[in-house]
1. Could you list, in sequence order, all residues of the range B:124-149 that are within 13 Å of chain A (Cβ to nearest Cβ) and β-branched (Val, Ile, Thr)?
2. Report whether or not B:Ser206 is outside any helix (DSSP H, G or I), open to solvent by 50 Å² or more (accessible area, probe 1.4 Å) and either modelled with pLDDT of 90 or more or of a type outside the set (D, E, K, R) (or both).
3. So which of B:Glu80, B:Glu93 ends up being more than 14 Å from chain A (Cβ to nearest Cβ), open to solvent by 50 Å² or more (accessible area, probe 1.4 Å), out of contact with any helix residue (DSSP H, G or I) (no Cβ under 8 Å at 6 or more places or on another chain) and assigned to a helix (DSSP H, G or I)?
4. Yes or no: the range A:103-122 includes at least one residue that is in a loop (DSSP other than H, G, I, E, B), within 17 Å of A:Ile39 (Cα to Cα), under 16 Å from the mean Cα position of the chain (by Cα) and in contact (Cβ under 8 Å) with a residue 60 or more places away in the chain.
5. Condition first: open to solvent by less than 10 Å² (accessible area, probe 1.4 Å), within 15 Å of the chain's Cα centre (by Cα) and among the aliphatic types (A, V, I, L, M). Now tell me which residues in the range A:124-171 satisfy that.
6. Of the residues B:Val87, B:Val56, which is within 14 Å of another protein chain (Cβ to nearest Cβ) and free of Cβ contacts under 8 Å to residues at least 60 places away in the same chain?
7. State yes or no: is B:Lys496 surrounded by fewer than 16 Cβ atoms within 10 Å (Cβ to Cβ), free of Cβ contacts under 8 Å to residues at least 60 places away in the same chain and among the basic types (Lys, Arg)?
8. Could you tell me whether the range A:44-65 includes any residue that is open to solvent by 20 Å² or more (accessible area, probe 1.4 Å), within 13 Å of chain B (Cβ to nearest Cβ), over 27 Å from A:Ala156 (Cα atoms) and hydroxyl-bearing (Ser, Thr, Tyr)?
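The values are calculated or read from the model by the stated rules, or taken from the named source; none is laboratory data. Owing to the predicted nature of the structure, the values given are computational and were not obtained by experimental measurement. Cβ: placed from backbone, ideal geometry, glycine included. Neighbour counts: every protein chain shown. Just so you know, the surface numbers come from the protein's heavy atoms only, side chains and all, with ligands and any DNA or RNA stripped out. Shrake-Rupley method; radii C 1.70, N 1.55, O 1.52, S 1.80 Å.
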Amino acid sequence: MTSRFFALLLAFPLLCPSLAQGAEPLAKVMVFVAVDCPIANRYAPELNRLREDYVGKKIEFLLVYPEPSLTENEVNQHLADHALTLPFMIDRRHRLVKQAGVTTTPEVAVFGASDEILYRGKIDNLFSDYGERRRRATETYLRDALDAILRGDKPAISTTDPIGCLIEELP
Amino acid sequence: MKAFFALFLLAPLPVLADGEPVTYHRDIAPIIYAHCTSCHREGESAPFPLTNYSEVSRKARTIRRVTGDRYMPPWHANSEVTEFLNVRRLTAEQISRIDRWVSAGKPEGDPADAPDAPVFTEGWQLGEPDLIVTMAEPYEVPADGPDIYRNFVLPLDLAEDKWVKAVELRPSARGVVHHSLFHLDDSGTARQLDGKDGKPGFSGMSFRRSGSIGTYVPGASPRKLPGDLARPLPRGSDLVLSTHFHPSGKPELERTTVGIYLTDTPPARKLEELQVPPAFGRKAGIDIPAGEANFTIRDSFTLPVDVEAYSVSGHAHYLCTTMKMTATPPEGQGPPRILLEIPDWDLDWQDTYFFAEPLVLTAGTVIESVITYDNSRDNPENPHNPPKRVKWGRESTDEMGSITLAGVVLHSDEQRELRLSLQKQRTELFAALGRTLKDKKVLARLPAIVKRLDRNDNGILEESELPRRLREALLLRLDQDGDKSLDGSEIERLEKWLARIETGDES
């Protein structure tokens, strides 16, 4: 219930940019995921770490499941299995998919205070292709973008090509 | 209804070459059932099921992408130059059919057109195994972090020697078990290492392998060895599973069960494994400078006798990029043929490739392996960042490299000749052994040394009595009858050999 509420709160100013002002977070991060995409699932521990590391710093996270047929029960099961502690939303009509311009799970979109997109793409470079994993990521695109925003700068890299499961078009 | 028809007429019709529209039930389901469902179904290794229209259409765009770049179905050997059994590879036509279906908006079509869904055997694939063993305790695979290689010891407690026809592995967490090698250990060294760090099993390959009874990779169904072939499983051996895990994002508990299919009768001809280069490339000069993008090792072996080959498989770690094994028959006996070509080596898919028909390779045929490595920063799988010099070693961050051809001698009276040649293949190994024994002045003290080592005082040096570091090489060089011990005449051979080294007649 609370996560639903949070999601609506977050989505509201996105839809009505004129209302976004004042005590707003510095950035909002939408993380597009799926319950059964292996690359997206691999990121569950990193997503929890990201939230811990940034949440006190006026950066907000929202997990978005862009799948029309998904039920809330399935999502709750997914969150429990992966010990995910982020608020979520099921984007059945792909409103957020369009707004963020994403194509893939996992893919992130970082919105600035006036809802401009500051970064979109990979979380990091752990995967360079399907089945090609590094031992550890050597580029941390999302963290770098958020750190730049916290410093008042623009992210040096604003887009990267995501890798994972492609989001299906709505029927 | 009318509206539906109108839409249908407006949409560009997805068509096959002969003008027919592409539909799921008629055109796509046969591909999925034949090439995907074996792994993509409940209880199997793949991350989601692909068994019906809704499951396939939920993942259609991803399916188009991964089939288009041939990531799926996983298959790494070039099956155009060598004919293998159970080739998991789509034709260009199948790939483009999937592409056209997705572009056309994934039309479902008429369920009446669908082929019968595949039927899979529940439970043990080859019937009830003769021996079933399970890990004593589950091992926890963490949610996160690099891949894990872990060995688990499963005591078999066999009172007699047996022969293995097949092995089936049943992981409890299939999604994270990427592959597993079934080693044997008859020295008890693995048992000693087991659980030392407080968790089930142990890491590293520092136990003494005394044999192997097969491997598991996702999607490969267990098969019985053909004819009377079987692998030796000597009494007293422990089974050591060397399992490679991929963390999946959530913690998983793995408790593997293994089913072993046995026979009491030894095969007439022994299944030989010709490794080129031998010993996983230990002496093949694997020493790759940091940053080197194209490092090559090659080695060859000439068959002393006619051999009937069944299968071929490669082994290397993350830096390896390509592998190739070629057989060049003696002058005038036909052109060289490629036995295995892996243009894009992937440690995750260490399949054993079975030839479509057993291959007869005549005496004098040269078997050559060429293996390449990329130790540059551009290789995303490079475990070192920045790149480091990498040498042969047992850890996954070291390298190995060899291709194994498995087969039998064509004429059963030529077994010994093949064995001897395989031993000679290890001359370098023996040269090093010879130097060590010479440096230690073993010859002068041989009787005293034998007396000291022979703890049970039976005049025979059993494997367990030999110095651990030299065991493998000593037995390979001297154990003529293959009984894993050195009897009087074999010790005499050692003496003669050392004498020749002393006089400089042999290195």
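1. Matches in the range B:124-149: B:Val141, B:Ile148.
2. Taking the combined requirement at face value, the residue satisfies it.
3. That would be B:Glu93, the only listed residue that is more than 14 Å from chain A (Cβ to nearest Cβ), open to solvent by 50 Å² or more (accessible area, probe 1.4 Å), out of contact with any helix residue (DSSP H, G or I) (no Cβ under 8 Å at 6 or more places or on another chain) and assigned to a helix (DSSP H, G or I).
4. Yes.
5. Passing the criteria: A:Leu142, A:Ala145, A:Leu146.
6. B:Val56
7. So B:Lys496 fits the description; yes.
8. no
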